[in-house]
Amino acid sequence: MDIGELTDATLRDLRRPRDYPAVSVLLPTNRRTPYNPEDPLRLRVTVAEAKRRLEEDPRVTRAARIDVEKQLDAACDEVDLTHSSDGLLVLAAPGEHHVWYLPRSVPQRVVVSDSFLTRNLVAARLVEEPYWALVLSEGETRLWDGAGETLAEATDRGFPVRPAIPDHQDALPGAHFDKVGNHPLSVREEKPVERTRQYMRSVVGALTPVLSREPRPLYVVGLREHIALFEKLCPSPAAITARVESGGAVAKTAHELLDVLQPAFHERRTSRRGDVLRRLSDARGQRLFTSGLDEIWQTVRQGRVALLAVEDHYQVTARVDGNGGHPVRLEEPVEPLTADPAIREDVVDEIVEAALDNGAEVEFVPDDTLAEEDRLAAVLRY
């Protein structure tokens, strides 16, 4: 499934505990070369590793192993490696399997636990942030419904909006006439300007209820003068996330429009990352900051974390005692890891899930961004 199909309800269901074993298979795929022979080979190798882990795990019964192996095979049969994505997530547990295409690169790994690995779904959904793209032009204005690199024209929300038909007097020659009927030339010159303003008011009127019902980042595309007029008439110009100057965008296909929007997307991600770092810095001054695995493990379980920042590929295998004490890292874990139920293959994923359960914001940042904070940092509620 595409990440755009990931709803809150689906994510909650994927995060719930499963009958052991729940297998998560992650691997990077080649978006730009979808027929790359490395992808099917990597999938076979990674699934074979998952099956080896199941066979060697003393906690896995024969019946459960056979069931999950069948689920893995069924999931692999469903995988379309020509799909345009950067990563693949295959989930399998007794009686179920799921395939997710991810719009971000992921490490190649296998996790066997009593729940699925979902942090990559959370991170991918942030990349696939829903947005509106408003494309302005003199002839018509179109609204596009987007999520990541999926873009479709919205034609059921009062769009496209077109200008009103000019009255019959505007069709008369006028450049060399000082009057047309009872209308002086100066009045005739003002009519196109006012008609343009009225047209843009119609655009604002159509867009306002859309943003009210579904508030999202708004990207406004068009010529500078059209964007400026729209912004002037818009009752809440702060709702505009980015202004993208581009002529002729109204005639572009979804794929062509995505190319036009890419610099704005990049700027949005950079701005969002900068905002996270500013919030962490402000929290230091307010003594509402914490970092590192041990501290965040405790504070997130207490429901004190308001914002959790995690490096993209940070993963820790650790031993956690039964009462939820501090995790003890295993620098060189001995297989089979799952033979000991106290060993968690990815306590960072558990931290992310606990943060979401307690209503915290979760943001992922590039590797080494939080090197001095031991790869994890948080803004506390109190």
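Numbers below:
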read-out	value
Sites R278 and Q198, calculated FRET efficiency, Cβ-Cβ separation with R0 45 Å, nearest 0.05	0.65
Largest-first ellipsoid semi-axes for segment 55-173, taking √(5λ) over the Cα gyration tensor eigenvalues, angstrom	52, 13, 11
Pairs of lysine residues in the chain - Cα separation under 26 Å, sequence separation of 8 or more or cross-chain	4
Net charge of neighbours whose Cβ lies under 9 Å from the Cβ of V328, counting Lys and Arg as +1 and Asp and Glu as -1	+1
Efficiency of FRET from Cβ geometry, E138 and E214, R₀ 35 Å, rounded to 0.05	0.80
Folded to 0 to 90 degrees: helix 254-285 orientation relative to the chain principal axis, Cα	60
Trypsin sites (Lys or Arg not before Pro) restricted to DSSP loop in segment 237-321 with at most 14 other C-beta within 10 Å	R287
Cα long-axis angle, helix 224-233 against the chain (0 to 90 degrees, to the nearest 10)	90
The chain - mean residue ellipticity at 222 nm from DSSP helices (-39,500 (n - 2.57) per run, n ≥ 4, rounded to 500)	-12500 deg cm²/dmol
Shape call, segment 1-128: gyration tensor on alpha carbons, a/c limit 1.5	oblate
Formal net charge of residues neighbouring D259 (Cβ-Cβ distance under 13 Å; K, R +1; D, E -1)	-1
For the chain, built as a Gaussian network whose Cα springs stay under 10 Å, the top-fluctuating residue of A133, A251, A22	A251
Label-reachable residues, segment 92-114, where backbone N falls under 11 Å from a point 7 Å from E49's Cα toward its Cβ	107-111
Most mobile of A254, A309, A92 in a GNM of the chain (Cα contacts under 10 Å)	A254
Cα pair count fraction exceeding 33 Å, expressed as % - the chain	46
Within segment 226-382: Cβ-based charge dipole about Cα centre, in debye rounded to nearest 20 (Lys, Arg +1; Asp, Glu -1)	1020
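Read-outs throughout are calculated quantities, based only on the coordinates presented, and are distinct from any laboratory measurement. Because the structure is predicted, anything quoted here is derived from the model rather than measured. Neighbour counts run over all protein chains shown; Cβ positions are idealised from the backbone, glycine included.
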